[in-house]
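J.: Below are the C-alpha cells for one structure; questions will follow.
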Amino acid sequence: MQLADETKKNLKRSRSFPFEMLVTDNKTPQNVEDCILFPIDEIVQHPLPGYAAPTLITFSPDDNLITYLFSPDQTLNRKVFAFDLKSSKQELIFSPPDGGLDEDNISPEEKLRRERLRERGLGVTRYEWVKTSSKKKTIMVPLPNGIYFQDLSSPNPVLKLSSSPSSPIIDPHISPDGSMIAFVRDCELHVLYALYNEQRQLTSGAAENGMTHGLAEYIAQEEMDRKNGYWWSLDSRFIAFTEVDSSDVPHYRIMHQGKDSVGPEAEEDHSYPFAGASNVRVRLGVVPSAGGPITWMDLQCGGSHESESEEEYLARVIWMHGNGLVAQVVNRTQSRIRLLKFDIKTGLGKVLLVEEQETWINLHDCFTPLDRGLSKFSGGFIWASEKTGFRHLYLHDANGAFLGAITEGEWMVEQIAGVNEVLGLVYFTGTVDGPLEHHLYSTKLVPDWNAPLPAPKRLTQGNGKHIVALDHHLRNFVDIHDSLKSPPRVSLCSLDDGNVIIDLYESPLAITRQKRLQLEPPEIVNIRANDGTILYGAVYKPDIMKYGPPPYRTMVSVYGGPAVQSVLDSWMNTVDMRAQYLRSKGILVWKVDNRGTARRGLKFEGAIKNQFGSIDAEDQVAGVRWLIKQGLAIPGRIGIYGWSYGGYLSAMSLARFPDVFCCAVSGAPVTSWDGYDTFYTEKYMGLPAHNTSGYHSSSVMTHVEKMKGKLLLIHGMIDENVHFRHTARLVNALVDAGKSYELMIFPDERHMPRKHQDRIYMEERIWDFIERNL
C-alpha cells in the first residue's frame with residue numbers, strides 16, 4: 001500500500017530535509033592549522049557529532065504525524081517536534097515550561113533509573129501518544145515536576161499530575177484506550193483517571209514491609225533489560241504488576257566520601273545480590289484498573305540459594321488478546337526458560353513452552369501474540385529460539401505446540417518490528433547480510449514447510465546500521481541510517497519495497513565537525529583467532545603525511561564482554577572521539593571483537609563460558625600479533641584501555657601478557673567475579689560453588705604477580721553497579737605483590753563520570769598516562 005496521492009505530491013515537493021534546523025557552526029576552519037587542532041575537550045562533547053539527530057521517533061495513532069525528540073541547538077536538551085505527512089511541515093509541539101529535566105531537579109530514584117537506562121538526555125526524555133476515540137491529538141510528557149498533557153490544537157500544555165523529589169512519580173504510562181495513566185509513587189501502584197483528574201491507589205502495604213509494587217528490581221533493570229514492573233492489559237481493564245521483596249538480600253552500603261556532611265544523607269544502601277547469594281523475591285499480581293482485589297499468579301521467583309530453582313527470574317510479562325497473561329521465567333543457572341500462561345481470575349498457570357540451552361538462555365523481546373487475519377492461528381504466537389545456534393523465529397499455536405520455522409540460516413534475528421497478519425508477513429531486523437550490518441527484512445508468516453524457507457526480503461537500502469520504526473497500518477517506516485562514512489540520516493520509506501518516500505533529516509554540522517577534526521573512518525579488517533575463527537577488527541591509522549609510515553605506538557580499545565559488539569559499519573565508530581584523539585597524536589588505535597561478544601551466534605558467544613579473561617584476552621593478543629605482523633604496531637609499545645568489562649579485560653591482559661602490553665587504562669573494572677551480581681555473573685560463569693577454579697582464574701588478583709607494565713585505575717566511588725570495592729581489592733593485591741599503579745578516583749561519580757569537568761579532567765589524565773608510558 002502507498003500514501004494517498006495528495007500526500008505523495010506534498011512529500012515530493014519537500015525533499016530538502018524538513019527536520020533539519022538552521023544551525024551555525026562558528027568553528028569552521030579558517031586555515032590548515034585549525035584543521036589539525038583537536039582539543040581534548042572534544043572527546044567529552046555530547047551529543048557526539050551526528051547524534052543530535054531526532055530520537056524516539058513514533059507515528060501518531062492515525063499515522064498522519066511523525067513525532068520525535070530533537071534539540072534545535074544540537075545539545076542534549078530536547079523538545080518534542082512533529083512532522084505532518086499531509087502538509088510536509090514540521091512544528092514544535094511541546095517545550096518544557098520550566099526547561100524540563102536536568103541532573104539537579106530529579107529524585108534519587110530517577111537518577112538511578114537513568115543510570116540503568118544509560119540515559120544522558122535532558123529536557124524531554126520521553127513521551128507517549130494518548131489514544132482516544134476523539135479527533136484530538138494529545139501526547140503525555142512526564143517531567144520532574146509532573147505529568148503534562150499537550151493537546152496539539154492548543155498552545156498550552158496542561159499539568160495533569162504534580163510530582164516532587166520527595167514523592168516522585170515514577171514510570172508513568174498511558175492505558176491503551178488513553179483514559180488512564182498508571183504510575184508508581186511511594187512504592188505503590190496508582191492510576192489517574194484522566195477525564196476526571198481522579199487518582200486511585202491500587203496497591204498497599206509495600207513500604208512498611210520493605211517491598212515495592214510496580215517497580216522493576218535492580219537485576220531486571222540492569223541485566224535483564226526489563227525496565228518496567230507493571231503492564232497494562234490490551235483492553236485497559238487490568239494491570240499486571242510485580243511485588244518485589246528484597247528482605248533476603250543484604251544491603252550494600254555506599255558512602256559519599258566526597259560530601260562535607262556525614263550521616264544518612266552521605267550514605268546509600270542498595271539491595272545488591274552478589275554471585276551465589278539470594279535474589280529478591282518477586283510475585284506477579286493482577287489488579288483491576290478501576291481498583292479492587294488483587295489476584296496473585298501461582299508464581300514465586302527468587303529468594304533462595306537453590307541452584308536448581310526453576311522459578312528464579314521473572315524475565316518478561318506479556319498480555320495476550322482475551323486477557324491471557326504470559327510470563328517468561330528463567331531458572332537460576334539460566335539454562336532453561338519457560339513460558340507460563342495464567343488465568344487472571346484464578347491465578348493458575350499452564351506451561352506453553354519450555355526451552356533449554358547447554359550454553360545459556362539469551363533473553364529477547366520477540367514473543368508476539370497473534371490475533372486476527374489467520375483464523376487457523378488465532379491465539380497463537382511467534383517465538384524466537386537459538387536451538388540451531390542462531391536466533392530464529394518459530395510459529396506456535398494457542399496451546400504452545402510447535403507449527404514450523406519462519407526463518408533459518410547462519411545469521412540471527414534481532415527484533416520483530418511488526419507483523420501483518422492479513423498479508424501474512426513478518427518484519428524483523430537481523431544479520432542476514434552479515435554481522436557488521438543492521439537491516440530490516442520481511443518474510444512470510446506461514447511459509448510452505450514442505451519446501452526450503454524463502455530468503456528474507458531486505459527492505460533497508462545502503463550498507464551500515466538501520467534503526468526502524470513502523471507505522472501502525474504497516475504501510476511505511478522511518479529509517480535512521482548511518483555507516484562508517486555517513487552520519488545518521490532519517491528517511492520515510494515504503495514497507496512494500498523499501499524505497500525512500502522522503503528524506504527527513506541529515507546533519508551537515510556532523511560533516512563540518514568531522515572535517516575540522518579530520519576524523520577518518522577506521523578500516524575494517526578480518527583476522528583469525530588461534531582456532532581459526534574469523535574476528536572483525538577496526539584500525540585507526542595516524543595521518544601518514546604528519547607522522548610518517550607505520551609502525552606506530554598502539555593503543556588497543558577494548559570492551560570484549562558478552563552482549564556487546566564494538567566493530568560494525570556504523571558512524572559510532574567514526575566518532576569514537578578518544579580513538580580519534582589518540583590517532584591525531586600519532587597513535588594507532590585498534591579494536592577487535594573477541595569470541596564471547598554479540599551477534600555471531602551461540603557458539604561464538606559461548607566460547608567464554610565459565611572462563612572470563614581467558615579466550616577473550618587471548619583474542620586481543622591475536623589482534624596485536626596481527627598488527628605486528630602487518631608492520632603496523634611497534635612491539636613493546638602497545639597499550640590497552642577499556643571501561644567496565646573492558647576495564648577488567650585491560651587489567652587482565654596487562655597481567656596475563658606482560659610481554660605484549662606495556663601499559664593499561666582500566667576504568668571501573670570488575671576485578672573479581674564473586675563481587676558482581678547474580679544474573680550476569682552466573683549466566684556466564686556459573687555459580688561460584690560450581691566453578692571455583694573458573695572464578696579463581698578469572699580474577700585479576702590471581703595474575704598480578706606477573707604484571708610488568710604500568711597500570712592506571714579509574715573508578716567512581718559511588719558506583720552502585722561495579723562497586724569501588726573492586727578497585728580497592730585490586731590495589732591490595734598490587735601492594736602485596738609490590739607492583740606500582742596509578743589511581744584516579746571520582747568521589748561523586750557512579751559507573752561513568754557524568755560531570756563535564758570530571759570527564760575533561762579524566763581525559764587529560766588518561767592522555768598524560770599514555771604519553772608517559774607508551
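J.: Looking at segment 473-496, which of the residues that are farther than 30 Å from PRO47 by Cα and in contact with an Asp or Glu (Cβ under 9 Å, 6 or more places away or on another chain) is surrounded by the most Cβ atoms within 10 Å (Cβ to Cβ)? Walk me through how you get there before you give the answer.
T.: Here is the first cut: in segment 473-496, the ones farther than 30 Å from PRO47 by Cα are 473-475, 495-496.
Of the ones still in play, those that are also in contact with an Asp or Glu (Cβ under 9 Å, 6 or more places away or on another chain) are 473, 475, 495.
Values: HIS473: 12, ARG475: 15, LEU495: 24.
Restricting to residues being farther than 30 Å from PRO47 by Cα and in contact with an Asp or Glu (Cβ under 9 Å, 6 or more places away or on another chain), the top hit is LEU495.
J.: Mind listing whichever residues of segment 66-95 are touching a residue at least 60 places away in the same chain (Cβ under 8 Å), under 20 Å from ILE480 (Cβ atoms) and assigned to a loop (DSSP other than H, G, I, E, B)?
T.: Passing the criteria: GLN74, LEU85, SER88.
J.: Of all residues in segment 680-703, which are of a type in the set (A, V, I, L, M, F, W, C), touching a helix residue (DSSP H, G or I) at 6+ places or on another chain (Cβ under 8 Å) and surrounded by fewer than 23 Cβ atoms within 10 Å (Cβ to Cβ)? Step through it out loud before you land on a result.
T.: Within segment 680-703, the subset of a type in the set (A, V, I, L, M, F, W, C) is 685, 687, 689, 700-701.
Then keep just the ones that are touching a helix residue (DSSP H, G or I) at 6+ places or on another chain (Cβ under 8 Å); that gives 685, 700-701.
Matches in segment 680-703: MET685, MET701.
J.: Considering only residues that are touching a Lys or Arg at 6+ places or on another chain (Cβ under 6 Å) and not hydrophobic (A, V, I, L, M, F, W, C), look in segment 632-666 and name the one that is farthest from VAL621 (Cα to Cα).
T.: That would be ARG637.
J.: Restrict the check to segment 291-308 and report whether at least one residue is touching a helix residue (DSSP H, G or I) at 6+ places or on another chain (Cβ under 8 Å) and crowded, with 19+ Cβ neighbours inside 10 Å. I'd like the intermediate steps shown before the answer.
T.: Step one: list which residues in segment 291-308 are touching a helix residue (DSSP H, G or I) at 6+ places or on another chain (Cβ under 8 Å), which gives 307.
From what is left, the residues that are crowded, with 19+ Cβ neighbours inside 10 Å are none.
Scanning segment 291-308, I find no residue that is touching a helix residue (DSSP H, G or I) at 6+ places or on another chain (Cβ under 8 Å) and crowded, with 19+ Cβ neighbours inside 10 Å, so the answer is no.
J.: Can you confirm whether PRO39 is farther than 22 Å from SER167 by Cβ, out of contact with any strand residue (DSSP E or B) (no Cβ under 7 Å at 6 or more places or on another chain), surrounded by fewer than 16 Cβ atoms within 10 Å (Cβ to Cβ) and of a type outside the set (Asp, Glu)? Please lay out each step first, then the result.
T.: Numbers: farther than 22 Å from SER167 by Cβ: yes; out of contact with any strand residue (DSSP E or B) (no Cβ under 7 Å at 6 or more places or on another chain): yes; surrounded by fewer than 16 Cβ atoms within 10 Å (Cβ to Cβ): yes; of a type outside the set (Asp, Glu): yes.
Spelling it out, PRO39 is indeed farther than 22 Å from SER167 by Cβ, out of contact with any strand residue (DSSP E or B) (no Cβ under 7 Å at 6 or more places or on another chain), surrounded by fewer than 16 Cβ atoms within 10 Å (Cβ to Cβ) and of a type outside the set (Asp, Glu).
J.: Quick check on segment 342-360. Is at least one of its residues touching a strand residue (DSSP E or B) at 6+ places or on another chain (Cβ under 6 Å), part of a loop (DSSP other than H, G, I, E, B), surrounded by fewer than 15 Cβ atoms within 10 Å (Cβ to Cβ) and not acidic (Asp, Glu)?
T.: So far as segment 342-360 goes, yes, one or more of its residues are touching a strand residue (DSSP E or B) at 6+ places or on another chain (Cβ under 6 Å), part of a loop (DSSP other than H, G, I, E, B), surrounded by fewer than 15 Cβ atoms within 10 Å (Cβ to Cβ) and not acidic (Asp, Glu).
J.: Which of the helices (runs of 4 or more DSSP H) found entirely inside segment 677-774 contain at least 3 residues meeting this: over 28 Å from VAL44 (Cβ atoms) and under 28 Å from the mean Cα position of the chain (by Cα)? Break it down stepwise before answering.
T.: Values: elements: 678-685, 692-697, 725-737, 756-773.
The qualifying helices (runs of 4 or more DSSP H) are 678-685.
J.: Another question about this same structure. What's the number of the condition VAL624 fails, among (1) in contact (Cβ under 8 Å) with a residue 24 or more places away in the chain; (2) surrounded by fewer than 24 Cβ atoms within 10 Å (Cβ to Cβ); (3) aliphatic (A, V, I, L, M); (4) over 27 Å from MET701 (Cα atoms)?
T.: (4)
J.: Anything in segment 543-600 that is more than 28 Å from ILE480 (Cβ to Cβ) and acidic (Asp, Glu)? List them, or say none.
T.: If the condition is that a residue be more than 28 Å from ILE480 (Cβ to Cβ) and acidic (Asp, Glu), then ASP543 is the only one that fits.
J.: A further question on this structure: With HIS364, HIS321 as the choices, which residue is closer than 22 Å to VAL422 by Cα and in a loop (DSSP other than H, G, I, E, B)? Can you show your working first?
T.: On the way: HIS364 fails: closer than 22 Å to VAL422 by Cα.
Going through HIS364, HIS321 in turn, just one is closer than 22 Å to VAL422 by Cα and in a loop (DSSP other than H, G, I, E, B): HIS321.
J.: Inspect segment 651-659 for any residue being in contact (Cβ under 8 Å) with a residue 60 or more places away in the chain, in the same structural domain as VAL735 (by TED's automatic domain parsing) and not in a helix (DSSP H, G or I) and give the result as yes or no. Before the answer, list the steps.
T.: So the first thing to find is which residues in segment 651-659 are in contact (Cβ under 8 Å) with a residue 60 or more places away in the chain, and the list is 651, 653.
Filter once more, so that each one left must be in the same structural domain as VAL735 (by TED's automatic domain parsing): 651, 653.
Filter again for not in a helix (DSSP H, G or I), leaving none.
No; the residues of segment 651-659 include none that is in contact (Cβ under 8 Å) with a residue 60 or more places away in the chain, in the same structural domain as VAL735 (by TED's automatic domain parsing) and not in a helix (DSSP H, G or I).
J.: Would you mind finding the one in THR407, THR388, THR429 that is assigned to a strand (DSSP E or B), of a type outside the set (A, V, I, L, M, F, W, C) and modelled with pLDDT of 95 or more?
T.: Values: THR407 fails: assigned to a strand (DSSP E or B); THR388 fails: assigned to a strand (DSSP E or B).
The conditions single out THR429.
J.: Would you check which residues across segment 458-476 are of a type outside the set (S, T, N, Q), farther than 21 Å from LEU65 by Cα and part of a loop (DSSP other than H, G, I, E, B) and list them?
T.: Matches in segment 458-476: LEU459, GLY462, GLY464.
J.: Here is a list of conditions, (1) hydroxyl-bearing (Ser, Thr, Tyr); (2) exposed (fewer than 13 other Cβ atoms within 10 Å of the Cβ); (3) under 31 Å from the mean Cα position of the chain (by Cα), and TYR127 meets all of them except one; can you say which number that is?
T.: Tallying (1) hydroxyl-bearing (Ser, Thr, Tyr); (2) exposed (fewer than 13 other Cβ atoms within 10 Å of the Cβ); (3) under 31 Å from the mean Cα position of the chain (by Cα), TYR127 fails exactly one: (2).
J.: While we're here: Taking only pairs six or more apart or across chains, which ones have beta-carbon atoms under 8 Å, a first residue in segment 195-216 that is without any contact (Cβ under 8 Å) to a residue 12 or more places away in the chain and in a loop (DSSP other than H, G, I, E, B), and a second residue that is surrounded by 12 or more Cβ atoms within 10 Å (Cβ to Cβ) and not polar (S, T, N, Q)?
T.: GLY205/MET211
J.: Moving on to the next point. Can you name the condition, by its number, that ARG116 falls short on among (1) under 30 Å from ASP269 (Cβ atoms); (2) among the charged types (D, E, K, R); (3) surrounded by 15 or more Cβ atoms within 10 Å (Cβ to Cβ); (4) out of contact with any Asp or Glu (no Cβ under 7 Å at 6 or more places or on another chain)?
T.: (4)
J.: Search segment 540-576 for residues being touching a helix residue (DSSP H, G or I) at 6+ places or on another chain (Cβ under 8 Å) and part of a strand (DSSP E or B), and hand back the single one that is surrounded by the fewest Cβ atoms within 10 Å (Cβ to Cβ).
T.: Within segment 540-576, the match that is surrounded by the fewest Cβ atoms within 10 Å (Cβ to Cβ) is SER557.
J.: Next up: Could you look through segment 513-539, keep only residues that are surrounded by fewer than 17 Cβ atoms within 10 Å (Cβ to Cβ) and of a type outside the set (Asp, Glu), and pick out the one that is nearest to TYR68 (Cα to Cα)?
T.: Checked segment 513-539; the qualifying residue nearest to TYR68 (Cα to Cα) is LYS515.
J.: Out of (1) farther than 18 Å from LYS708 by Cβ; (2) surrounded by fewer than 22 Cβ atoms within 10 Å (Cβ to Cβ); (3) of a type in the set (Asp, Glu), what's the single condition that is false for ASP659?
T.: (1)
J.: Also, I was wondering about something else. I need a count of the residues in segment 96-113 that are crowded, with 17+ Cβ neighbours inside 10 Å and part of a loop (DSSP other than H, G, I, E, B).
T.: Here the count works out to 4.
J.: Listed residues ASN10, ASN31; which is surrounded by fewer than 17 Cβ atoms within 10 Å (Cβ to Cβ) and either of a type in the set (S, T, N, Q) or modelled with pLDDT of 95 or more (or both)? Full working, then the answer.
T.: On the way: ASN10 fails: surrounded by fewer than 17 Cβ atoms within 10 Å (Cβ to Cβ).
So the residue among ASN10, ASN31 that is surrounded by fewer than 17 Cβ atoms within 10 Å (Cβ to Cβ) and either of a type in the set (S, T, N, Q) or modelled with pLDDT of 95 or more (or both) is ASN31.
J.: Here's something else I'd like to know. Restricting to segment 183-232, name every residue that is more than 26 Å from ALA315 (Cβ to Cβ) and in contact with a Gly (Cβ under 9 Å, 6 or more places away or on another chain).
T.: The answer is ALA194, ARG200, GLN201.
The values are calculated or read from the model by the stated rules, or taken from the named source; none is laboratory data. These figures come from a predicted structure and were not determined experimentally. All Cβ positions, glycine included, derive from the backbone under ideal geometry; neighbour counts span all protein chains shown.
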